[in-house]
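Everything on this sheet refers to the single structure shown next.
The values are calculated or read from the model by the stated rules, or taken from the named source; none is laboratory data. Computed from a predicted structure; not experimentally measured. As a convention, Cβ positions derive from the backbone with ideal geometry for all residues, glycine included, and neighbour counts pool all protein chains shown.
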Amino acid sequence: MSGVAGNLREIRRRIDAACGRAGRDPRSVELVAVSKTFDADAVRDAVAAGQTVFGESRLQEAEPKIADVGGDLEWHFIGSIQRNKVRRILGCCRVLHSVDSLRLARYVSNVAENLGVKPGVFLQVNQAGEESKGGLTPEEIRTNLPEIATLESIELLGLMVIPPAADDPEVARHWFQELRELRDELAVATGIALPCLSMGMSDDFEIALEEGATHVRVGSAIFGARSYRVDGELG
Ligand SMILES: *Cc1c(COP(=O)(O)O)cnc(C)c1O
């Protein structure tokens with residue numbers, strides 16, 4: 001068994017255990033295996049171990065890898081999205097976790113309509129107001145959600161967060177709780193259901209699951225330590 005296969009088994013076991021503690025059905029959780037910086041062979045190892053959903057954060061890296069691996073896999077885009085790349089991102093990814101403005105949401109919907117696709121979309125929330133990170137503030141979400149919900153060529157799945165870096169994973173719990181509370185508040189205020197929460201990475205996915213995550217984005221705990229940084233904020 002490759003390292004990747006063993007790691008995946010262990011992550012799935014920990015997902016089951018966290019769901020058990022939270023009284024949740026593990027089948028309600030999507031494990032997004034974040035393969036950024038790892039090559040097509042690593043993805044193939046994961047596929048051989050039964051993984052079908054993968055996440056990438058840079059288009060120039062993702063496009064050739066996705067073509068190389070081939071097959072019937074589901075790719076999610078988790079990195080920051082430039083408008084001029086939207087068409088190509090929609091050409092290879094079915095779900096976008098990082099739509100971070102009303103303007104971008106409108107644009108994604110227009111391009112999707114043009115291409116005849118209907119991508120799943122998460123709105124990225126910048127709860128802590130960090131300058132270095134994209135995302136709508138809770139206030140912007142409250143204001144813009146009604147319009148975003150009318151966009152016809154996106155399937156609005158829910159909210160996504162990358163909490164501020166902290167040494168103690170328990171600190172993230174606070175941000176995960178806030179994201180869930182924001183979602184619940186929006187549902188009451190607008191009647192718009194946001195069924196999914198994309199939150200939790202290698203160091204804190206169990207905490208995220210306890211707080212209601214439906215999509216966990218796990219990279220290094222599956223593929224190993226990354227040897228170089230991908231972008232300004234997350235290695
Ligand atoms: C890299 C990345 C992840 C995965 O991080 P790990 O700590 O390796 O699990 C998750 N989400 C986003 C947005 C990322 O950029």
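Given the criteria within 16 Å of the ligand (Cβ to nearest atom), under 11 Å from Leu123 (Cβ atoms) and in contact with a strand residue (DSSP E or B) (Cβ under 6 Å, 6 or more places away or on another chain), does Met160 qualify?
Values: within 16 Å of the ligand (Cβ to nearest atom): yes; under 11 Å from Leu123 (Cβ atoms): yes; in contact with a strand residue (DSSP E or B) (Cβ under 6 Å, 6 or more places away or on another chain): yes.
So Met160 fits the description; yes.
Would you call Ala42 over 24 Å from Glu155 (Cβ atoms), within 16 Å of the ligand (Cβ to nearest atom) and touching a residue at least 60 places away in the same chain (Cβ under 8 Å)? Before you say what the answer is, go through the steps one by one.
Working: over 24 Å from Glu155 (Cβ atoms): yes; within 16 Å of the ligand (Cβ to nearest atom): yes; touching a residue at least 60 places away in the same chain (Cβ under 8 Å): yes.
Yes; evaluated as a whole, the condition is true for this residue.
Pick out the one residue from Leu123, Leu157, Leu136 that is out of contact with any Leu (no Cβ under 7 Å at 6 or more places or on another chain), closer than 28 Å to Gly91 by Cα, surrounded by 13 or more Cβ atoms within 10 Å (Cβ to Cβ) and modelled with pLDDT of 95 or more. Before the answer, list the steps.
Details: Leu123 fails: out of contact with any Leu (no Cβ under 7 Å at 6 or more places or on another chain); Leu136 fails: out of contact with any Leu (no Cβ under 7 Å at 6 or more places or on another chain).
Within the list Leu123, Leu157, Leu136, the selection yields Leu157.
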Residues of the stretch 54-78 classified as within 18 Å of Phe223 (Cα to Cα) and either at pLDDT below 95 or within 13 Å of the ligand (Cβ to nearest atom) (or both), total: 10
Among the candidates Val121, Val218, residue that is more than 27 Å from Arg106 (Cα to Cα) and either of a type outside the set (S, T, N, Q) or away from the ligand (no atom under 16 Å from the Cβ) (or both): Val218
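Taking the stretch 1-31 as the region of interest, how many residues are aliphatic (A, V, I, L, M) and within 10 Å of Ile222 (Cβ to Cβ)? Before the answer, list the steps.
Filtering the stretch 1-31 down to residues aliphatic (A, V, I, L, M) leaves 1, 4-5, 8, 11, 15, 17-18, 22, 29, 31.
Now drop any that are not within 10 Å of Ile222 (Cβ to Cβ), which leaves 4-5, 8, 11, 31.
Qualifying residue count for the region: 5.
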Cβ pairs under 8 Å, 6+ apart, first in the stretch 57-76 and more than 17 Å from Arg87 (Cβ to Cβ), second part of a helix (DSSP H, G or I) and away from the ligand (no atom under 16 Å from the Cβ): Lys65/Ala40; Asp68/Ala40; Val69/Ala40; Val69/Arg44; Val69/Val47; Gly71/Val47; Leu73/Val47; Leu73/Ile66
Residue list for the stretch 65-98, filter: basic (Lys, Arg) and either closer than 27 Å to Gly50 by Cβ or touching a strand residue (DSSP E or B) at 6+ places or on another chain (Cβ under 8 Å) (or both): Lys65, Arg94
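Based on what the data block shows, is Ser132 assigned to a helix (DSSP H, G or I), small (Gly, Ala, Ser) and touching a residue at least 24 places away in the same chain (Cβ under 8 Å)? Walk me through how you get there before you give the answer.
Numbers: assigned to a helix (DSSP H, G or I): no; small (Gly, Ala, Ser): yes; touching a residue at least 24 places away in the same chain (Cβ under 8 Å): yes.
So Ser132 fails the test.
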Number of the exception - Asp184 against (1) touching a helix residue (DSSP H, G or I) at 6+ places or on another chain (Cβ under 9 Å); (2) closer than 24 Å to Leu104 by Cα; (3) at pLDDT 95 or above; (4) not aromatic (Phe, Trp, Tyr): (1)
Filtered residues of the stretch 20-35 (kept if in contact with a Lys or Arg (Cβ under 9 Å, 6 or more places away or on another chain) and surrounded by 18 or more Cβ atoms within 10 Å (Cβ to Cβ)): Leu31, Val32, Ala33, Val34, Ser35
Residue tally, condition assigned to a loop (DSSP other than H, G, I, E, B), surrounded by fewer than 23 Cβ atoms within 10 Å (Cβ to Cβ) and in contact with a Gly (Cβ under 8 Å, 6 or more places away or on another chain), over the stretch 58-100: 4
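Is it the case that some residue within the stretch 102-114 is of a type in the set (Phe, Trp, Tyr), crowded, with 18+ Cβ neighbours inside 10 Å and modelled with pLDDT of 95 or more?
Going through the stretch 102-114, the residues of a type in the set (Phe, Trp, Tyr) turn out to be 107.
With the extra rule that they be crowded, with 18+ Cβ neighbours inside 10 Å, the set shrinks to none.
No; the residues of the stretch 102-114 include none that is of a type in the set (Phe, Trp, Tyr), crowded, with 18+ Cβ neighbours inside 10 Å and modelled with pLDDT of 95 or more.
In the stretch 102-129, which residue that is in a loop (DSSP other than H, G, I, E, B) and touching a residue at least 40 places away in the same chain (Cβ under 8 Å) is nearest to Thr214 (Cα to Cα)? Give the steps one after another, and end with the answer.
First, the residues of the stretch 102-129 that are in a loop (DSSP other than H, G, I, E, B): 116-119, 126-129.
Those still in the list that are touching a residue at least 40 places away in the same chain (Cβ under 8 Å) too: 127-128.
Values: Gln127: 19, Ala128: 21 Å.
In this case the residue turns out to be Gln127.
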